[in-house]
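Below is one structure; the comments refer to it alone.
Just so you know, all these numbers are worked out from the coordinates, no wet-lab data involved. Only a predicted model underlies this, so the values are computations on that prediction, with no experimental measurement involved. Don't worry about glycine lacking a Cβ; one is built from the backbone with ideal geometry, like all the others, and counts go over all protein chains shown.
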Amino acid sequence: MKSIFITGASSGIGLATAQRFAKSGWTVYAGVREQVASRFDEPHLHFITVDVTDTVSLKQAAQLIEQEVGHLDVLFCNAGQGLLRAIGQATSYEINQLFETNVFGVMRTIEQCLPLLKAAPHGSHLLATSSTSGLVGQPLNEIYCASKFAVEGLFESLATYYKPFFSIDVTLIEPGAVETNFTASVLDRLEQSGGLHDDAFKPIVETYLRLYRKRHATRQASSEIAELVYALVHMNEPKPVRVRTTPVDEAFVAHKTSADPSGLIGITKTRQLTLNLE
Ligand SMILES: NC(=O)c1ccc[n+]([C@@H]2O[C@H](COP(=O)([O-])OP(=O)(O)OC[C@H]3O[C@@H](n4cnc5c(N)ncnc54)[C@H](OP(=O)(O)O)[C@@H]3O)[C@@H](O)[C@H]2O)c1
């Protein structure tokens, strides 16, 4: 039976993806920070306690998966959060928290799970939820964008050698706006830390939010991203290094990606120049 481990699976994209794979009979390890009584394990869906800022919890998750199924066919690094504060406004704590989750959390997850991906009998697939914010820097979103650019750099680098040497495909999912708790959580945290300050940044963030909402009048459902992840895992080689998830998002990043939308041209060239691989 095939197995997948998903971080950030308490809600949104992670939960929808967990349910999608479980429905098709995969053994799903769905990482959640808190176990809640209303959430039930199903025959194929196991909620395990994982905080990506806590190495011990990831180590325990990897040990459990090793004992129960011995390998991972898919690892989906999805846990993440946003931050709508400018440099100069955000506290060191807020910035550290964001990078601990979005960047170091992804590195820790891969570190603990790489042996399980390598142990998959027929190759495996490593995916992360990046964002269009991993490709295009945006006003007042500089800290979140920096974190997702870091994930892009990490995954692009791994893609150069994980596939040829370890049979691990590497793919970045790059959504723009998905109907999840994400935006509400960002705005909640903003309110809890004093709301929008009445300063020079305020009109900029207000305009940014107004145009963001206009551009994304309709948000994607989490289930669409889940279907995309399922399709990517099952598609024939070569699998893309990066994928946008709607035409609006494709248009938003086109100036960065139009020469190489899937990232495969770049990866092939880098493999040739740095590893002498054809
Ligand atoms: N929604 C969008 O418009 C959008 C667009 C582009 C990219 N993304 C990315 O999509 C990913 C999933 O977000 P979502 O939209 O599905 O929002 P969501 O419903 O808020 O899900 C975020 C998930 O990440 C988890 N998480 C946060 N910090 C964590 C930590 N330290 N350890 C483990 N889990 C943690 C949350 O757990 P708790 O329930 O415990 O907080 C939750 O399960 C994120 O990486 C986000 O950056 C979202």
### Relative contact order computed over segment 3-275 (Cα-Cα under 8 Å; 6+ residues apart), in percent
19
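Find out how many positive minus negative residues lie around Lys148, taking Lys and Arg as positive, Asp and Glu as negative, among other residues whose Cβ is under 12 Å from that of Lys148.
Overall, the nearby charge balance is -2.
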### Query
Gain in length, Ser157 to Thr274, computed as 0.36 nm per residue apart minus the alpha-carbon separation, to one decimal in nm?
41.0 nm
#### Entry: Cα-centred dipole magnitude for the chain, charges only on beta-carbon of K, R (+1) and D, E (-1), debye, nearest 20
440
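Net charge within 15 Å of Met107 by Cβ-Cβ distance, Lys/Arg positive one each and Asp/Glu negative one each, not counting Met107 itself?
Residues close to Met107 contribute a combined charge of -3.
Going by the alpha-carbon gyration tensor, a ≥ b ≥ c the square roots of its eigenvalues, is the chain rounded (a/c under 1.5) or, if a/c is not under 1.5, prolate (a/b greater than b/c) versus oblate? Write out the running numbers ahead of the final one.
Values: a/c = 1.70, a/b = 1.26, b/c = 1.35.
The shape class here is oblate.
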### Pair Glu42, His234: separation of 7 Å Cα→Cβ label points (nm)
1.5
### Task
Report the FRET efficiency, 1/(1 + (r/R0)^6), for Val248 and Met107, where r is their Cβ-Cβ distance and R0 is 22 Å, rounded to 0.05.
0.15
### Message
In the chain, if the dipole is taken from +1 on Lys/Arg beta carbons and -1 on Asp/Glu beta carbons about the Cα centre, which of Ile6, Tyr208, Ile65 is farthest to the positive end?
### Response
Tyr208
### Query
To the nearest 0.05, what FRET efficiency results for Gln35 and Glu179 with a Förster distance of 25 Å applied to their C-beta separation?
0.50
### Message
Placing +1 on the Cβ of each Lys and Arg and -1 on the Cβ of each Asp and Glu in segment 3-275, which of Trp26, Gly82, Leu232 has its Cα farthest towards the positive end of the resulting dipole?
### Response
Leu232
### Query
Based on the Cβ-Cβ distance from Ser167 to Thr207, what FRET efficiency comes out when R0 is 45 Å, to the nearest 0.05?
0.45
#### Entry: Tally of Lys pairs whose C-alpha atoms are under 20 Å apart, taken over the chain, 8 or more apart or cross-chain
14
#### Entry: Packing rank of 206-219, 138-151, where each peptide gets the mean count of other beta carbons within 10 Å, highest leading
138-151, 206-219
### Query
So how do 154-163, 125-134 stack up, highest first, on mean other-Cβ count within 10 Å?
125-134, 154-163
### Query
Where Lys and Arg each count +1 and Asp and Glu each count -1, what net charge lies around Ala217 among other residues with Cβ under 15 Å from its Cβ?
+3
### Cα lying deepest toward the dipole's positive end in the chain, options Pro115, Gly176, Ala146, charges on Cβ
Gly176
### Assigned charges on the beta-carbon of Lys, Arg, Asp, Glu; segment 11-140 dipole about Cα centre (debye)
260
#### Entry: Rounded, prolate or oblate (a/c below 1.5 giving rounded, otherwise prolate when a/b exceeds b/c) for segment 1-43 by Cα gyration tensor
prolate
### Message
Can you give me the C-alpha center-to-center distance between segment 115-182 and segment 198-272, rounded to a whole angstrom?
### Response
11
